[in-house]
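Before any comments, here is the structure.
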Amino acid sequence: MRVFQVDTAWSDENLRIGERPEPTAGPGEVRLKMTASALNYRDLLVPRRGYGSRMKALPLIMLCDGVGRIDQVGEGVDSYRVGDRVCPLFFSSWPAGEPSAEHLAHSLGCEIDGTMAEYMVVPASKVAAVPAHLDDVEAATLPTAAVTAWRALVTEGRVKAGDTVLVQGTGGVSLFALQFAKMLGATVICTSSSDEKLTRVRAMGADETINYRTTPEWGRVARDMAGGSGVDHVVEVGGQGTLPQSLRAVRPGGTISMIGVLAGSVMDAPLGMIVTRHVRLQGITVGSGEDFRAMARAIAHHGMRPVVDRVFEFEQLREAMQYLASGRHFGKVCIRH
Ligand SMILES: NC(=O)c1ccc[n+]([C@@H]2O[C@H](COP(=O)([O-])OP(=O)(O)OC[C@H]3O[C@@H](n4cnc5c(N)ncnc54)[C@H](OP(=O)(O)O)[C@@H]3O)[C@@H](O)[C@H]2O)c1
């Protein structure tokens, strides 16, 4: 079968199509005929061995997001049937509950092979059904960015109607956070480097918007927008470059979900504000199978659709990665197999 993998050495140049033997489902497993995948910012770091020595030895099949249709069901599997559409879970060993070292040890497209293959064989306990109203490309976007936003706002954040949530930028995680926050009845403030993208988030329901390029002191502006005391929850994807503003934006006792480090990964913030304002800094690393299933139920109930910016063909993974790296996208960049 065809796969798209980091081949013989860690570098962008060694990212290419290769061949692997076609797998078959053993006892307790299902085989998926993969139909779509989606990109995440982390995938840009993978070919350069950005996650270090814990990564699988080469060759490594790319991407952590994908969806497939079950075409083989192994002995002893009664939870799925041939024809069911499922996503392999981002963390193959985190079924539910609190994170542990074991739960976080195996993620797709990093410590284990990813979704850019014609077929994947996965234990039936490590896949989850997708909402029926989504097409394959939309469904492929769910395991990473959507589960991360869900874990941040729902499982950990307990956002409720009437809260104010600040969402940074218009990438994959952030637009899911906007959609979930609106679903929960929150008021949402969105930031972006682009006025055109801010117009688009308004159309999606954002209540207030701030251009973080033209308003570098956006933390104070966001605090005022939230009635002066600050926002209840910040979805932090910038890290070093944005945390000082997030600390100005958040209310005393509020939560900052630490998700990404797009603007630097070193702690460089007024730590006294965390103490004196009683701020909860909550690290988030995707989520569990239980998070995926709860999120999928909510998406189905609300008929929510992920925002897909652009779809590339299987052979165009490198072009898709260049497009993601350019930052021109709004929402998810996807691959049709
Ligand atoms: N912890 C986890 O479990 C987890 C899961 C998924 C992703 N992440 C991390 O979260 C981050 C976002 O991932 P993604 O896949 O959503 O990325 P993405 O789709 O590539 O989104 C990137 C967007 O972030 C915005 N951005 C960039 N620099 C910014 C800054 N300084 N301030 C505010 N916004 C900024 C930009 O939005 P505009 O163009 O609108 O300015 C950009 O388009 C990455 O660091 C990624 O590694 C973490």
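Test F292 against the criterion of being aromatic (F, W, Y) and in contact with a Leu (Cβ under 7 Å, 6 or more places away or on another chain), and give yes or no. The answer is yes for F292.
Applying a threshold of 6 Å to beta carbon distances and a minimum spacing of six or more residues, or different chains, the list of pairs starting in the stretch 98-109 at a residue that is outside the structural domain of V154 (by TED's automatic domain parsing) and ending at one that is open to solvent by 40 Å² or more (accessible area, probe 1.4 Å) reads H106/I112.
Restricting attention to the stretch 307-322, the residues being touching a residue at least 12 places away in the same chain (Cβ under 8 Å) and open to solvent by 20 Å² or more (accessible area, probe 1.4 Å) number 9. Can you find a residue that is open to solvent by less than 60 Å² (accessible area, probe 1.4 Å), of a type in the set (A, V, I, L, M) and closer than 15 Å to T209 by Cα anywhere in the stretch 237-253? Yes, some residue in the stretch 237-253 is open to solvent by less than 60 Å² (accessible area, probe 1.4 Å), of a type in the set (A, V, I, L, M) and closer than 15 Å to T209 by Cα.
Could you tell me whether M304 is modelled with pLDDT of 95 or more, part of a loop (DSSP other than H, G, I, E, B) and open to solvent by less than 60 Å² (accessible area, probe 1.4 Å)?
Spelling it out, M304 is indeed modelled with pLDDT of 95 or more, part of a loop (DSSP other than H, G, I, E, B) and open to solvent by less than 60 Å² (accessible area, probe 1.4 Å).
Out of V333, V311, V275, I need the residue that is part of a strand (DSSP E or B), more than 12 Å from the ligand (Cβ to nearest atom) and at pLDDT 95 or above. Which one? Result of the check over V333, V311, V275: V311. How about the stretch 184-201: which of its residues are surrounded by fewer than 14 Cβ atoms within 10 Å (Cβ to Cβ) and more than 18 Å from R328 (Cα to Cα)? G185, the sole residue that qualifies. Cβ-Cβ distances below 6 Å connect the following pairs, each with a first residue in the stretch 26-42 that is part of a strand (DSSP E or B) and more than 16 Å from the ligand (Cβ to nearest atom), a second residue that is open to solvent by 10 Å² or more (accessible area, probe 1.4 Å) and among the charged types (D, E, K, R), and a separation of six or more residues or different chains: R31/D71; K33/R69; K33/D71; T35/D136; A36/D136; A36/R336.
Taking the residues in the stretch 278-292 that are within 8 Å of the ligand (Cβ to nearest atom) and small (G, A, S) as candidates, determine which candidate is nearest to A249 (Cα to Cα). Walk me through it before giving the result.
Keep residues of the stretch 278-292 that are within 8 Å of the ligand (Cβ to nearest atom), which gives 283-287.
Next cut, small (G, A, S) only: 283, 287.
On the way: G283: 18, G287: 26 Å.
Here the answer is G283.
Filter the stretch 104-137 down to the residues that are away from the ligand (no atom under 16 Å from the Cβ), more than 22 Å from F312 (Cα to Cα) and either open to solvent by 20 Å² or more (accessible area, probe 1.4 Å) or out of contact with any strand residue (DSSP E or B) (no Cβ under 8 Å at 6 or more places or on another chain) (or both) and list them by number. Hits for the stretch 104-137 are I112, V121, P123, S125, K126, A129, P131, A132. Close Cβ contacts (under 8 Å, 6 or more residues apart or on different chains) running from residues in the stretch 204-220 that are touching a residue at least 24 places away in the same chain (Cβ under 8 Å) to residues that are among the hydrophobic types (A, V, I, L, M, F, W, C) and open to solvent by 20 Å² or more (accessible area, probe 1.4 Å) comprise M204/V307.
The values are calculated or read from the model by the stated rules, or taken from the named source; none is laboratory data. These numbers were taken from a predicted model, which means no experiment stands behind them. Neighbour counts are summed over all protein chains in view; Cβ atoms, including those assigned to glycine, are modelled from backbone coordinates with ideal geometry. Please note that ligands, DNA and RNA were not included when accessible areas were found on the heavy atoms of the full protein model with its side chains. Shrake-Rupley method; radii C 1.70, N 1.55, O 1.52, S 1.80 Å.
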